[in-house]
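Notes follow the structure.
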Amino acid sequence: MMIELRQLRHFLAVADTLHFGRAAEQLGMTQPPLSQSIISLEKMLGAALFLRSKRSVALTTFGRQWLDHVRPAVEGVAALTDVALRLRTGMAGRLSLAFVSTADYSLLPRLVERYSAAFPEVELELVEATSDIQLGALSEGRINAGILISTRSSLPPVLDYRPLLKEPVVAAVPEAWVEDGRLDVVDGHLQGDGWMAHPLIIFPARVAPDFHDLVLGFYRARGHQPFIRQEAIQMQTIISLVSAGLGMALVPASLRNLARTGVRYIPIAGETPELETGLAWRRTDNLPTLSAMIEIASTLDPEA
């Protein structure tokens, strides 16, 4: 036989008052059905819950021990309505957010800070992943949202996308190249096209096709073919390779927040391309937590 919730509430009322009459009044019922409910409960449990006499009611040792389990269980059931409301409104629940490594130095900290402050009860899972990995994970429903480098050219139709940040690229170069005059730097900017002859470290096309095309297109528009010395899928790795003197890289301006010994970030003179970072999610995903994330992300100040 299954124990009913009303029986547990009957038991709590009697355990709290140690008086069947007062417990019945508290429950809005008469004493005989309350007594029958407790007797039925004791039969199901195979043990007495109360010691009864004409003058007093007391919990048995078993009853006291069982009470410790019953009270949180009943309180948990009572809280389920509020839990449902909080889940329905996005005040509680879970949300998985993936991000590219470049976002760690621009959008991500501000977005996580604002979202966590507004929805402290939401369990936010953060996963670092390249744009190509995110597209697959989003399409298959393994993550709820992703901050990625613009992939408009390869965005699957099941996904929606909202641009959040556009920023110019700057050159990340070995500091030694600046000190020995290998680069033409005037007023803190790279001048001319001479720097384009130096080895380049870049994201592979499969990882961030739009970023890869943006860099190559920039070179070709100025009549140059880049000498790609190394490809790397993590921005931290790219900067480490620059620090080691293996080459230079074109990176989003916000990456200047990644300080690394032996690396100098230098703006490029003249018109430079802008890299777009945005938020992607499945069109059919109607999670309240996701809706809140999209709204907060859309109000971030890109200049902050």
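The values are calculated or read from the model by the stated rules, or taken from the named source; none is laboratory data. Just so we're clear, the structure is a prediction, and the values are computed from it rather than from any experiment. Cβ placement follows ideal geometry from the backbone for every residue including glycine, while neighbour counts extend to all protein chains displayed.
Points worth noting:
- The single condition from (1) assigned to a strand (DSSP E or B); (2) of a type outside the set (Ser, Thr, Tyr); (3) over 28 Å from residue 111 (Cβ atoms) that residue 224 fails is (1).
- For the residues 132, 82, the requirement of being modelled with pLDDT under 95 and surrounded by 15 or more Cβ atoms within 10 Å (Cβ to Cβ) singles out 132.
- Selection from the stretch 181-213 of residues that are charged (D, E, K, R) and touching an Asp or Glu at 6+ places or on another chain (Cβ under 9 Å): 206, 210
- Of the listed requirements (1) out of contact with any helix residue (DSSP H, G or I) (no Cβ under 9 Å at 6 or more places or on another chain); (2) under 18 Å from residue 274 (Cα atoms); (3) among the hydrophobic types (A, V, I, L, M, F, W, C), residue 197 misses just one: (2).
- Flag if residue 160 is at pLDDT below 90 and among the acidic types (Asp, Glu): no
- The residue list 282, 206, 220, 229 contains one member that is surrounded by 15 or more Cβ atoms within 10 Å (Cβ to Cβ) and charged (D, E, K, R), which is 282.
- Which listed residue, of 258, 246, is in contact with an Asp or Glu (Cβ under 9 Å, 6 or more places away or on another chain) and either of a type in the set (S, T, N, Q) or surrounded by 15 or more Cβ atoms within 10 Å (Cβ to Cβ) (or both): 258
- Residues that are on the phi < 0 side of the Ramachandran plot, outside any helix (DSSP H, G or I), in contact with a strand residue (DSSP E or B) (Cβ under 8 Å, 6 or more places away or on another chain) and in contact (Cβ under 8 Å) with a residue 24 or more places away in the chain, drawn from the stretch 176-205: 183, 185, 189, 190, 191, 198, 199, 200, 201, 202, 203, 204
Table: residues versus (1) in the same structural domain as residue 282 (by TED's automatic domain parsing); (2) under 26 Å from residue 296 (Cβ atoms); (3) assigned to a strand (DSSP E or B).
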position: 161; (1), (2), (3): yes, yes, yes
position: 170; (1), (2), (3): no, no, yes
position: 173; (1), (2), (3): no, no, yes
position: 207; (1), (2), (3): no, no, no
position: 210; (1), (2), (3): no, yes, no
position: 220; (1), (2), (3): no, no, no
position: 230; (1), (2), (3): no, no, yes
position: 239; (1), (2), (3): no, no, no
position: 246; (1), (2), (3): no, no, no
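- Hits in the stretch 47-72 - residues which are touching a helix residue (DSSP H, G or I) at 6+ places or on another chain (Cβ under 7 Å) and aliphatic (A, V, I, L, M): 47, 48, 49, 57, 59, 67, 70
- The condition (being crowded, with 19+ Cβ neighbours inside 10 Å, over 17 Å from residue 296 (Cα atoms) and assigned by TED's automatic domain parsing to the domain that holds residue 143) is satisfied by just one residue among 122, 100: 100.
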